[in-house]
Amino acid sequence: MIRRRAASRARALATTLAAGLALVPVLAACGPEEVVPESSDDIVLWLVGADTGDDLRRHLVETFEARNPGATLTIEQKEWGTLVDDLEASLVDPAATPDVVELGNTQAPTFADAGAFRAISPALYEELGGEDLLPSFVEAGSVDGTVYALPYYFGSRYVFYRKDVWDAAGAEVPRTLEEFGETVKDLRDGNQAGFAMGGQDWRNGISWVFAHGGELAVKEGEHWVSTLSDPNTIRGLEEWQDIYESASQLPATEVDVDYWDFINDGLATGEPAAASMMAPSWARWSVGDIVRDDDGAEVRDGMADTEKFGIFALPGVDGGVAPVFAGGSNMAVSALTRNVALSEDLLRVVYSEEYQTMLAEAGLGPANTEFTELMTGDKFGRTLVKTAEASKLTPPAPGWADIEARGIYEELFKEIARGGSVPALAQQYDARITPLLDGTVEEE
């Protein structure tokens, strides 16, 4: 039997990146007809999705360009579904690389480990916030004590619910995770789900794993190991399976679902409806009644009707707050940036008091924890802070972005949602995931 060592996406990225970096001095020595990426006063920032709103983007551009006369900042929007592919294609190309990038906190370990980002010097790290920067996100962007990707913003998940529906059914805000499960199962009625949850929605589902003290993976010595078969993890997955089967009406194949559609209008239109959902904090602006903004466009009012809509933190097994999965982003400078000084100065704008304040006021948890208190002026900010303090991240394993890109957890949760044996599935997927965690996989 012949065995060969096959590179995963993480290892392939590291290899390609090393080749790209090695190519830079060669290109610089090419003849005048060659296209050589040179230092530029025009830098590019990648932002992902629409969470960074227009006011924030405008501030970044105007402030950066005022600080650096003659320089230009261009913001390009990327989408979460294709971000890993976009990063892999561009970060290895000196002519195509963005200078500064936003990426998911779960993706940061893979790209930092692969050498895709420029190290943040200790002096710059302290200037940008140092120990006040969100520690778990700093860890996600660090390799062997060197910081490569800083926190950008954080969000946390909590429960959004139709308060009027709960009140009519005599349901109260639950104090424990078990009470939550029983309540949402009782609220399922006809075409109304008690709790809208897609069968492949592992990012919400792993909150039950964390609540029961389980882990997805741990590092044993020099290697990462998948821990789905841990008894605590199995208990959490089995409880999630029970709630999905008894409270949700969404197919096992669903993952990225606009749950707010079900609690906004489903009850009124007769379409599939839901009494509650779980989503990141920024989903607030997709919930509520329809109003018109200053430009005349139809938007949701952010749950202005407090008799109709409400929120609460998912409760823990013994009360308190469950350790839900934390969402959010990191930010890093490309290792192949065309202008180090300008790229690092953009970070100074991002981590300034003014911009961190703007993030907090926009409902995005600021990277610098000194500004978190600004969010506690209403119930949404208070609940975000409370759930974020108890939240957990996915393992900072080098191969994690590869695992996400392959959709392995979507497959696992789909099989659980279809009623599969959790212990058997856990054993099967442990065997599949463990070789990927270190960024390499053995194939026969």
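Only the coordinates and a few stated rules stand behind these numbers; no lab work does. In this text, all values refer to a predicted model and were calculated from it rather than measured experimentally. Cβ: placed from backbone, ideal geometry, glycine included. Neighbour counts: every protein chain shown.
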Pair Val340, Glu354: separation of 7 Å Cα→Cβ label points (nm): 2.8
Approximate spin-label separation Thr253-Thr176, in nm, with each point projected 7 Å along Cα-to-Cβ: 3.9
Where GluC sites (Glu not before Pro) fall in DSSP loop in region 206-302, at most 11 other Cβ within 10 Å: Glu222
Region 87-160 versus region 43-66: alpha-carbon centroid distance in Å: 17
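Net charge around Ala326, counting only other residues with Cβ within less than 13 Å of its Cβ (Lys, Arg = +1; Asp, Glu = -1)? Could the numbers behind the result be given before it?
Values: positive: Arg157, Arg203, Lys386, Lys392; negative: Glu139, Glu389.
Result for the local shell: +2.
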Label-point separation, Asp85 to Asp42 (7 Å along Cα→Cβ), nm: 2.7
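Could you list the GluC sites (Glu not before Pro) in region 54-148 that lie in coil according to DSSP, counting only those with at most 14 other Cβ atoms within 10 Å of their Cβ? Let's see the in-between values first.
Details: sites: Glu62, Glu65, Glu76, Glu79, Glu88, Glu102, Glu126, Glu127, Glu131, Glu139; in loops: Glu79.
Of the GluC sites (Glu not before Pro), the ones in loops of region 54-148 whose Cβ has at most 14 other Cβ atoms within 10 Å are Glu79.
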Dimensions (Å) - the chain, Cα atoms, principal axes, largest first: 76, 67, 37
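With N residues in region 290-444, what two-decimal value do you get for its Cα radius of gyration over 2.2 N^0.38 Å?
Working: Rg = 21.1 Å, N = 155, 2.2 N^0.38 = 15.0 Å.
My calculation over the Cα atoms of region 290-444 gives 1.41.
So if each residue of separation counts as 0.36 nm, and I subtract the Cα-Cα distance between Asp301 and Ser421, what length gain in nm does that give? Each step should come with its number before you reach the end.
Numbers: separation 120, 0.36 × 120 = 43.20 nm, distance 4.26 nm.
Going from the current span to full extension adds 38.9 nm.
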Rounded to 5, the percent of DSSP beta bridges in region 31-190 classed as antiparallel: 20
Cα centroid separation, region 203-241 to region 249-302 (Å): 30
Dipole-positive endmost among Ser156, Ala119, Ala169 within region 103-238 (Cβ charges, Cα centre): Ala169
Lys, Arg +1 and Asp, Glu -1 on Cβ, resulting dipole of the chain about Cα centre, debye, nearest 20: 900
Asp186/Arg57 FRET efficiency (R0 41 Å; Cβ-Cβ; nearest 0.05): 0.40
Set of lysines with alpha-carbon distance to Lys392 below 17 Å, sequence-local pairs under 8 removed: Lys219
Sequence-distant residues sharing a close amide H with Tyr152 (under 5 Å, placed H): Ser329, Asn330, Met331
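Across the chain, where is the longest run that never hits trypsin sites (Lys or Arg not before Pro) in a DSSP loop with at most 13 other C-beta atoms within 10 Å?
Working: sites that count: Arg3, Arg175.
With a cap of 13 other Cβ atoms within 10 Å, the longest stretch comes to 176-444.
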Cross-link partners of Lys163 among lysines (Cα-Cα below 25 Å; sequence separation of 8 or more within a chain): Lys185, Lys308, Lys379, Lys386
Two-decimal Rg to Rh for region 354-444 - Kirkwood Rh, Cα set: 1.17
The chain, helix-only ellipticity at 222 nm - DSSP H runs n ≥ 4, -39,500 (n - 2.57), divided by all residues, nearest 500: -11500 deg cm²/dmol
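Could you give the dipole magnitude of region 36-142 about its Cα centre, charging the beta-carbon of Lys and Arg +1 and that of Asp and Glu -1, in debye to the nearest 20? Mind showing how you got there, number by number?
Details: 5 positive and 22 negative charges, 9 e Å.
Using only the charged Cβ atoms, the result is roughly 40 debye.
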